[in-house]
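J.: Below are the structure tokens for one structure; questions will follow.
The values are calculated or read from the model by the stated rules, or taken from the named source; none is laboratory data. Computed from a predicted structure; not experimentally measured. Cβ coordinates were reconstructed from backbone atoms using ideal geometry, including for glycine residues, and neighbour counts include every protein chain displayed. Side chains included, ligands, DNA and RNA excluded: accessible areas come from the protein's heavy atoms. Shrake-Rupley method; radii C 1.70, N 1.55, O 1.52, S 1.80 Å.
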Amino acid sequence: MTATAFPDAVRMTDVSKHFGGVRALDGVSLDVRPGEVHALLGENGAGKSTILKILRGVQPPTSGTVAIGGTPLTTFTAEAARAAGVSMAFQEMSLVPTLTVAQNVFLDREIKRGALIDDRAAIAESRRLFAAMGVAIDPTRRVADIPAGHRQLTEIVKATSQPCKVLVLDEPTTALSANEVERLFDYVRQLRSRGVAVVYVSHRMDEIFRIADRATVLRDGKHVVTAPLADFTLDSMIAAIIGRRSRGFSDVARGTAAIGDVLLEARGLSGQVKPRDVDITLRRGEVVGVAGLLGSGRSSLARLLCGVQPAAAGEIRVKGEPVSIASPRDAIRAGIALVPEDRARQGFVAFHSVESNVALPNLAAVSKGGFVDPRRVAALAEAAIKRLRIKTDSRGAAVRTLSGGNAQKVVIAKWLATEPDVLILDEPTAGIDIGSKSEIVTLIRDLARDGKAVLVLSSELQELLAACDRILVMSDGRVVRDIARHDLDDPGNPESVDALQHAEQKLNQAMQEARGGPAR
Amino acid sequence: MTDAAALSARKAPSPLSNWREFIIYIGFVVIFAIFAATLGSRGFLDPNNLLNIVRQTAIIAVVSVAMTFVLGTAEIDLSVGAVAGLASVATAMGMDHLGIAGGILCGLGTGVAVGAVNGWLTTGIGIPSFLTTLAMMGIARGVAMWISATAAIPILDKPYAAVFGGGNLGPVPSLLLWMVAVGAVGHVVLRRTTFGRRVLATGGNETSARYSGVDTAAIKFKVLMLSSVAAALAGMLYAGRLHSGRFQFGEGDELSVIAAAVLGGTSLFGGAGTVVGSIMGALLIGLINNGLVLMGLEFSQQLIARGAIIIVAVAISQTRKR
């Protein structure tokens, strides 16, 4: 891109954002030029979403300045940012499912004729926008009735249906087919040629290399590097994103467990959409990880194995016996337990006590003839608190009064109490502090040593590397790689302090290659 | 949040939330004391008057026990008043043709049948219980009017009337015994059985309950069945107390029952509630009604005062829920 006389579309100078004592952003500067696609890269928690929130006016920075198109942003509200020319397509869908596509595109700024809404004009205008993108989405259909990929494109059309200087795309391709990604990229290039600055956030490196002109990498709230894409290789980009530091998992003792007989075996397992035709073998004493980018089908696999979602095809065997898992109750009976991904929604009843929550999946074990034995419930809860070192006032305290890490321990405890053979953990350390993270990973190792088979699904690669003996890489609903943990070690230097970084880089590469992208 | 911060944040709220949990008892004692002081001379404290309060509220209390379970799963049953009316008619007609046992079976059968329909529509078809039971309210009332040709059907059987609400055991009204018995069973079931635990888990967080292996649809079916059967029992108590079956019995009771449960600390959003609280709520409403009558207020004024007191009480008891 050439430097021009135009002011930068976005100029953030020395922006910091503190939440209490936590520095989410620390003196970050970012400039995005008109007519460029600027990739914003970093791990979860690197500060990307904080930058996006400041950019679209939802949060004010603690210090520093933000200018859009040369005009300083003084008030930080969504309306002010919008008026300054910032538009955002949300990763988490912001569409109203019961309204039509056209009604959603023009939500809250409906085209009117006189005092009344002109639906026909909105439909015509939407149709024109979708034609510009080259996709055939019917603007008269209800959003609830169109596929997820079309919803994602509608989100983007909604964001660009009014003139904007800056367009923020946050993981815009997670639900798109390969063909739809092409259409989206053409559309982004059109916008770029019209002088729109596009801030592009994605974990999919192949897409970054294809669409972005420049990239900025953040790590731990700090600016790492900004450079044209031509200056990066896939290796150097991943290295910049990961950095060279331990994230607290280095203290996890990786005692080797004796790998025993097969506890869980799935053959040709498929869901309604994802996963597709997955084979998995879990042995006693083994921790197997599942890595995959957003939309790879990781969580669907977990929901299938624990009976929350019905399987469309395939066979599951536990200890060699075929089992039919149509409900979570079947899974519990078969000895499979899931620590689900969304703790607050799926994991516990927030305003019920630690004791009640631990008891819930174990009611059959602590009751006789339908009557709950309060002493056995208390003993179960006390044992759980002690075993997992849950920090709580008492077993009667509501789970919502606990910190994230301790609440997660309650969820793990309630499932461990069912004495499963197979424990599945989906994003077991999401949103909890680093100390608890390492404790939970240590616990996972201990469980394997005690003879359980553990399946860990995570988007945090360091966690997978610290916990697992074997890592499956999923993409587009399929298991595409099966990598032994020791194959990721640096053969020349297995004990070095950089060992985890090396392994993470290799795993990251494997994941990007799995998406079929060009590894430059 | 750091662990230290979490720890200190955790210490603070417990005493406050504790007194709120007992607000129904505090409110009951306070209002009772006020009435005793101001209305003592008008016979408020007369044992007969106090037993009358129990007679007038026992039927509401019985249904509020079941309603605690329904609200506990975050569902609602608006048909209980109409089902009581229908069951009173069915009992009276059954007794006419089939004798006392037949009458009792007809009454309870009404509850089972309505409960099965409510439960199936709500969990099988997926119609929200608010709508299912709103529609059922009209249907049950209509059927009661139709089969009774809007006439009262007399009950001449003395033992039935004595057992179901009309008589006394020594000085104790049989209605009080029914209330205590239903309350005791309800309390134990909610507190001490796996069913009760699953009810509160279903209402507290349905997704989490499902992930934990609770068959939430079956639980909801059962609580709707429970409330219909309790409503039918209420109708049989009306029938015994007033020696007849009438379609009007129980009119408007659904709102009194829900108010009683909510006054007693049961959350309309599910997951929290106690049977004892609901019974106390029913008694508090009865207490207020009685006091307002003794004060010599006109019926119109009673309605206004009762509404205002209930709003204040619920506001106080609900503030903790955000």
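J.: Rounded if a/c is under 1.5, else prolate if a/b is larger than b/c, else oblate: which is the stretch B:129-271, with a ≥ b ≥ c the root eigenvalues of its Cα gyration tensor?
T.: oblate
J.: Ok, one more. Between chains A and B, what is the buried accessible area summed over both chains (1.4 Å probe, protein heavy atoms, nearest 100 Å²)?
T.: The buried area between A and B, both sides summed, comes to about 2700 Å².
J.: If you count, for each residue, the other Cβ atoms within 10 Å and average over each peptide, how do A:356-362, B:52-58 line up from highest to lowest?
T.: A:356-362, B:52-58
J.: Taking amide H positions as placed in the peptide plane 1.01 Å from N, state which residues far from A:Leu73 in sequence (5 or more) or on other chains have amide H under 5 Å from it.
T.: A:Val66, A:Ala67, A:Ile68
J.: Under a cut-off of 23 Å between alpha-carbon atoms, report the lysines in cross-link reach of A:Lys368, not counting same-chain residues fewer than 8 places apart.
T.: Result set, ordered by chain and number: A:Lys414, B:Lys220, B:Lys222.
J.: Per residue of A:343-351, what is the mean number of Cβ atoms on other protein chains within 10 angstrom of that residue's Cβ?
T.: 6
J.: How much mean residue ellipticity at 222 nm does chain A get from its helices, if each DSSP H run of length 4 or more adds -39500 (n - 2.57) and you divide by all residues, to the nearest 500 deg cm²/dmol?
T.: Estimated from H runs of four or more residues: -9500 deg cm²/dmol.
J.: Leaving out ligands, DNA and RNA, and with a 1.4 Å probe, what % of the accessible surface on the stretch A:342-382 is carbon or sulfur?
T.: Taking all protein chains in place, the stretch A:342-382 shows 59 percent carbon and sulfur surface.
J.: Could you state the per residue volume, in Å³, of the convex hull enclosing the Cα atoms of the stretch A:262-514?
T.: Dividing the Cα hull volume of the stretch A:262-514 by its residues yields 122 Å³.
J.: Here's a follow-up. Give me the percent of the accessible area of the stretch A:94-162 that comes from carbon and sulfur atoms, probe 1.4 Å, all protein chains in place.
T.: C and S fraction of accessible area: 53 percent.
J.: Which helices pass in chain B if a helix is a full DSSP H run, must span at least 20 angstrom along its long axis by Cα, and must have mean Kyte-Doolittle hydropathy not below 0.5?
T.: B:23-39, B:47-72, B:80-119, B:129-148, B:174-192, B:216-241, B:275-294, B:299-318
J.: For A:Ala291, list long-range residues whose amide hydrogen, built 1.01 Å from N in the peptide plane, is under 5 Å from its own amide hydrogen.
T.: Answer set, sorted by chain and number: A:Leu472, A:Val473, A:Met474.
J.: Let me ask something else. More than 25 Å apart: what percent of Cα pairs in chain B qualify?
T.: For chain B, the share of Cα pairs beyond 25 Å comes to 53 percent.
J.: May I ask you to give the average projected area over all directions of the convex hull of the Cα atoms of the protein assembly as shown, in nm² rounded to one decimal?
T.: Value for the protein assembly as shown: 42.5 nm².
J.: State the extension gain, in nm to one decimal, for the chain segment bounded by A:Ala364 and A:Arg194, taking 0.36 nm per residue of separation less the distance between their alpha-carbons.
T.: Computed gain between A:Ala364 and A:Arg194 is 54.7 nm.
J.: Per residue, how large is the accessible surface of the protein assembly as shown? Use a 1.4 angstrom probe and give square angstrom.
T.: Per-residue accessible area for the protein assembly as shown comes out at 42 Å².
J.: Please give the average number of partner chain Cβ atoms lying within 10 Å of the Cβ of each residue in B:214-223, rounded to a whole number.
T.: Across B:214-223, the average partner-chain Cβ count within 10 Å equals 1.
J.: Please list, ordered by chain and number, the residues whose modelled amide H lies under 5 Å from the amide H of A:Arg478; skip anything fewer than 5 residues away on the same chain.
T.: Placed amide hydrogens put A:Arg276 under 5 Å from A:Arg478.
J.: Within 9 Å, Cβ to Cβ, of A:Asp476, how many net charges do the neighbouring residues add up to if Lys/Arg are +1 and Asp/Glu are -1?
T.: +4
J.: Straight-line reach from A:Lys17: which lysines have Cα under 25 Å away, leaving out those fewer than 8 places along the same chain?
T.: A:Lys48, A:Lys53, A:Lys165, A:Lys222, A:Lys437
J.: Comparing the chain by itself with all protein chains present, which residues of the stretch A:387-402 are at least 20 Å² less accessible (probe 1.4 Å)?
T.: A:Lys391, A:Asp393, A:Arg400, A:Thr401
J.: May I pose another question? Which value, in Å² rounded to 10, gives the accessible area of A:Thr77 with a 1.4 Å probe and all protein chains present?
T.: 60
J.: Next up: When DSSP assigns beta bridges and you keep just the ones with both residues in chain A, what percent turn out antiparallel, to the nearest 5?
T.: Just about 55 percent of them are antiparallel.
J.: Can you list the HN-Hα couplings for the stretch A:454-463, worked out from phi with the Karplus curve (6.51, -1.76, 1.60; θ = phi - 60°), rounded to whole Hz and with x for Gly and Pro?
T.: Residue by residue, the stretch A:454-463 yields 10, 10, 10, 10, 7, 9, 9, 5, 4, 5 Hz.
J.: Can you list the aspartates and glutamates whose alpha carbon is less than 17 Å from that of A:Lys319, not counting same-chain residues fewer than 8 positions off?
T.: The reachable aspartates and glutamates, counting only those whose Cα sits under 17 Å from A:Lys319, are A:Asp261, A:Glu265, A:Asp279, A:Glu286, A:Asp330, A:Glu419, A:Asp421, A:Asp450.
J.: Contour minus end-to-end for A:Asp14 and A:Asp342, with contour as 0.36 nm per residue of separation and end-to-end as the Cα-Cα distance?
T.: Full extension of this stretch gives 114.6 nm more.
J.: With axes computed from alpha carbons, what is the tilt in degrees of helix A:148-160 against the longest principal axis of chain A, rounded to the nearest 10 within 0 to 90?
T.: So the inclination is approximately 30 degrees.
J.: With the solvent-accessible surface defined on protein heavy atoms using a 1.4 Å probe, which residues belonging to the stretch B:246-282 display a reduction of at least 20 Å² in accessible area in the multichain context relative to the isolated chain?
T.: Output list: B:Gly271.
J.: Right, another one. Using a 10 Å cut-off around each Cβ of peptide A:324-335, what is the average number of partner chain Cβ atoms that fall inside?
T.: 2
J.: Round to the nearest 10 and give me the degree value, 0 to 90, for the angle of helix A:434-449's Cα axis relative to the longest principal axis of chain A.
T.: Rounded to the nearest ten degrees, it is 40.
J.: Same structure again: With axes computed from alpha carbons, what is the tilt in degrees of helix A:178-193 against the longest principal axis of chain A, rounded to the nearest 10 within 0 to 90?
T.: Roughly 40 degrees, rounded to the nearest 10.
J.: Right, another one. Counting Lys +1, Arg +1, Asp -1, Glu -1, what net charge surrounds A:Val278 among other residues with beta carbon under 12 Å of its beta carbon?
T.: Once all neighbours under 12 Å are counted, the net charge is -1.
J.: Would you mind telling me the share, in percent, of accessible area of the stretch A:417-497 contributed by carbon and sulfur at probe 1.4 angstrom?
T.: 46
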